[in-house]
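Novice: Shown below is the structure under consideration.
Read-outs: derived from the displayed coordinates by stated rules, not from any lab. As the structure is a prediction and not an experimental result, all values here were calculated from the model. A quick note on method: Cβ atoms are made from the backbone with ideal geometry, for glycine too, and the neighbour counts reach across all protein chains shown.
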Amino acid sequence: MASEILCVICHKRKPKRACPGVNGNICAQCCGTEREISIDCPLDCTYLRESRKYEREKPTKLDELPFKDVALSGNFVYEFEMFIGQIGYHIMQYALQNPATVDKEIIDALDKLVRTYQTEQSGIYYESLPEESGALGLFREVKLFIDGLQKQQQERGNIAAVKTGDLVRSLVFLLRMACVNTNGRLRGRYFIDFLRLTFPEQAQAQAQAQAQAKEEPRLIVP
Ligand SMILES: [Zn+2]
């Protein structure tokens, strides 16, 4: 007699769905409890997509937002839309190129970037580094990108570089966006999804480029 096939996670219940995250069949309960917690769910999984619709049960209260003392006027976001967009796009690019990246790492990296530039604002150069390696990688990448942009603008001379205070405010805005648009799960990538929806064409172009790179035939050396 063939042994009964069970969910590959709990080994108790009957599997109901094919999980692309564990490459096996799992039950609906395990999908619900382990999704983006112990499972690295591919962003295009149909069950993950479905769950996104119901996910944000608890809206973030305004006074729970980080860096309460940093004031952002409506005008500010309008004025720095381009700059904020460039950084946001860069974060998305990094997250898609490094699929292990999760929201918590982005939040941590942004938090430390704000602290670093706040220190710089007071005339001291000191990096507040994230402890965790995923967040540290993103911190370095975004900082390199921002510093590169700043240098480029300074070299052109005609365009003023973004002032450190405005840079801090731009990063605080992105950090708040990330805190509002996340689901709090350990391996949650809700904010990354949010960025994909914000930059749909770029996200698609990048996915295509990555797929193409995978398909590229290997060089045959005679
Ligand atoms: Zn199960």
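Novice: Using Cα springs under 10 Å in a Gaussian network model of the chain, which residue among 165, 157, 188 shows the largest mean-square fluctuation?
Specialist: Checking each option, the largest mean-square fluctuation is seen for 157.
Novice: Can you give me the relative contact order of the stretch 1-145 as a percent, contacts being Cα pairs under 8 Å and 6 or more apart? Don't skip to the end; give the middle numbers.
Specialist: Numbers: 104 pairs, mean separation 18.2, N = 145.
Reported as a whole number, the value is 13 percent.
Novice: Further, regarding this structure: Could you work out how much longer the chain between residue 5 and residue 150 gets when fully extended? Use 0.36 nm per residue separation minus the Cα distance between them, nm to one decimal.
Specialist: Values: separation 145, 0.36 × 145 = 52.20 nm, distance 5.83 nm.
Taking 0.36 nm per residue and subtracting the Cα distance, the gain is 46.4 nm.
Novice: Follow-up. Work through the residues other than residue 132 whose Cβ is under 11 Å from its Cβ and net out their charges, Lys, Arg +1 and Asp, Glu -1. Can you show the working numbers first?
Specialist: Values: positive: 104, 112; negative: 105, 108, 131.
Around residue 132, the surrounding residues sum to -1.
Novice: If I fit a long axis through the Cα atoms of helix 200-215 and take the longest principal axis of the Cα atoms of the chain, what angle between them do I get, 0 to 90°, rounded to 10?
Specialist: Compared with the principal axis, the helix lies near 60 degrees.
Novice: Same structure again: Separation between the residue 73 and residue 13 pseudo-spin-labels, each 7 Å from Cα along Cα→Cβ, expressed in nm?
Specialist: Taking the simple label geometry, residue 73 and residue 13 are separated by 5.4 nm.
Novice: Just check the stretch 94-138 against the gyration tensor rule for me: Cα atoms, a ≥ b ≥ c as the square roots of the eigenvalues, rounded for a/c under 1.5, and otherwise prolate or oblate depending on whether a/b exceeds b/c.
Specialist: Values: a/c = 2.96, a/b = 2.73, b/c = 1.08.
Note, shape of the stretch 94-138 comes out prolate.
Novice: Compute, for the chain, the length of the dipole vector about the Cα centre, with Cβ point charges of +1 (Lys, Arg) and -1 (Asp, Glu) only. Units Debye, rounded to 20.
Specialist: Values: 29 positive and 29 negative charges, 146 e Å.
The calculation lands at about 700 debye.
Novice: Hey, can you rank 18-26, 113-121, 172-180 by average C-beta count inside 10 Å, highest first?
Specialist: Working: 18-26: 16.7, 113-121: 18.6, 172-180: 20.4.
Taking the mean over residues of other Cβ atoms within 10 Å, the ranking is 172-180, 113-121, 18-26.
Novice: Using only DSSP helix segments of four residues or longer, with each worth -39500 (n - 2.57), what per-residue ellipticity at 222 nm results for the chain after dividing by its residue count and rounding to 500?
Specialist: On the way: 9 runs with 122 residues, N = 222.
When only DSSP H runs of four or more count, the value is -17500 deg cm²/dmol.
Novice: Still on this model: Picking from 197, 186, 138, which is most flexible by a Gaussian network model of the chain using Cα springs under 10 Å?
Specialist: So, out of 197, 186, 138, the one fluctuating most is 197.
Novice: Shape verdict for the stretch 60-202, please, from the Cα gyration tensor: rounded (a/c under 1.5), prolate (a/b greater than b/c) or oblate. Can you show the working numbers first?
Specialist: Numbers: a/c = 1.37, a/b = 1.32, b/c = 1.04.
Rounded is the answer for the stretch 60-202, as its axis ratio a/c remains below 1.5.
Novice: For the stretch 138-202 and the stretch 26-105, what is the centre-to-centre distance using only Cα atoms, to the nearest Å?
Specialist: The distance from the Cα centre of the stretch 138-202 to that of the stretch 26-105 comes to 13 Å.
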